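A quick write-up on the structure given underneath.
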Amino acid sequence: MNSEAQAGIARFLHRPATPGKDGFVLTHGAGGNANAPLLVALANALSSKGFTVVRYNLPFRQERPFGPPRPASAARDREGLNQEVEAMRREVGGRVFLGGHSYGGRQASMLCAEQNDLADGLLLLSYPLHPPGKPEQPRTKHLPDLKTSTLFVHGTHDPFGSIAEMESALKLIPAKTELLVVEKASHDLGFKGKSKREELLALILASFERLISDNSHTSAGGR
């Protein structure tokens, strides 16, 4: 489906062939939509593991097929995510996890910092720690309030934050965290190249399954 068809479409559902009890809500970055290749591939991989998965278009993208979100739309985007997580809880009998790429991941983390019991785990792909070239503008204010176990997946060439900066930011989080480093990858996690897609997906799933196998809250420094 092309991007013009995205406006007005909120969700795409993946039902596993052999359903488990857990659900997953995935959302996109500022410049993309729920049909981003990374999200589609990740949703399919999660579904193959028994998760019921929704790829969700944030409200700003439901309104406009192109363009970044406006600052005033962030609260509405978080409310849309909140409603989608609650809908997933009504659909599955087990845990519900939340994930997002870049802007979508940031909004997911802010939502979980506001509501500690909303999701059973977070998957943040290429968290936009600061605007490119502006490390003096960190997006970390909410991190000390984040009590949800979180996997960060980050490329070594990501202009939105270095690995050292990410490691420092994770120390602010009073929950179990893990940082999966993707060598030589930029903000797209190298997903535009097809050769290592399956390897990356396998690493993400294995790391996330390890993270959620013990959801006891520990400090980031005690990882």
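The values are calculated or read from the model by the stated rules, or taken from the named source; none is laboratory data. Nothing here was measured: the structure is a model prediction, and the numbers come from that model. As a convention, Cβ positions derive from the backbone with ideal geometry for all residues, glycine included, and neighbour counts pool all protein chains shown.
If Phe60 satisfies every condition in (1) more than 19 Å from Arg90 (Cα to Cα); (2) in contact (Cβ under 8 Å) with a residue 24 or more places away in the chain; (3) buried (at least 19 other Cβ atoms within 10 Å of the Cβ) but one, which is the exception?
Of everything listed in (1) more than 19 Å from Arg90 (Cα to Cα); (2) in contact (Cβ under 8 Å) with a residue 24 or more places away in the chain; (3) buried (at least 19 other Cβ atoms within 10 Å of the Cβ), Phe60 misses just condition (2).
Please count how many residues of region 144-188 are farther than 19 Å from Gly121 by Cβ and crowded, with 19+ Cβ neighbours inside 10 Å.
The number of residues fulfilling the criteria is 8.
Across region 48-57, which residue is surrounded by the most Cβ atoms within 10 Å (Cβ to Cβ) among those that are not charged (D, E, K, R) and not in a helix (DSSP H, G or I)?
Tyr56
Any chance region 59-77 includes a residue that's in contact with a strand residue (DSSP E or B) (Cβ under 7 Å, 6 or more places away or on another chain) and at negative phi?
no
Kindly indicate whether Ala17 is within 26 Å of Arg197 (Cβ to Cβ) and not in a strand (DSSP E or B).
yes
For the list (1) surrounded by fewer than 19 Cβ atoms within 10 Å (Cβ to Cβ); (2) in contact (Cβ under 8 Å) with a residue 12 or more places away in the chain, I need the number of the one condition that Lys134 fails.
The number of the failed condition is (2).
Per-residue answers, yes or no, for (1) farther than 20 Å from Thr148 by Cβ; (2) among the hydrophobic types (A, V, I, L, M, F, W, C); (3) part of a loop (DSSP other than H, G, I, E, B):
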position	(1), (2), (3)
Leu46	no, yes, no
Ser73	yes, no, no
Gln83	no, no, no
Met88	no, yes, no
Arg106	no, no, no
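Are any of the residues in region 156-167 acidic (Asp, Glu) and either free of Cβ contacts under 8 Å to residues at least 24 places away in the same chain or out of contact with any helix residue (DSSP H, G or I) (no Cβ under 9 Å at 6 or more places or on another chain) (or both)?
Yes, because at least one residue in region 156-167 is acidic (Asp, Glu) and either free of Cβ contacts under 8 Å to residues at least 24 places away in the same chain or out of contact with any helix residue (DSSP H, G or I) (no Cβ under 9 Å at 6 or more places or on another chain) (or both).
Any residue at all in region 12-31 that's among the polar types (S, T, N, Q), within 19 Å of Tyr127 (Cβ to Cβ) and modelled with pLDDT of 95 or more?
yes
So if I check each of Ala45, Ala74, Ala30, which one is under 16 Å from the mean Cα position of the chain (by Cα), surrounded by fewer than 22 Cβ atoms within 10 Å (Cβ to Cβ) and within 16 Å of Leu205 (Cα to Cα)?
Result: Ala45 is the single residue among Ala45, Ala74, Ala30 that is under 16 Å from the mean Cα position of the chain (by Cα), surrounded by fewer than 22 Cβ atoms within 10 Å (Cβ to Cβ) and within 16 Å of Leu205 (Cα to Cα).
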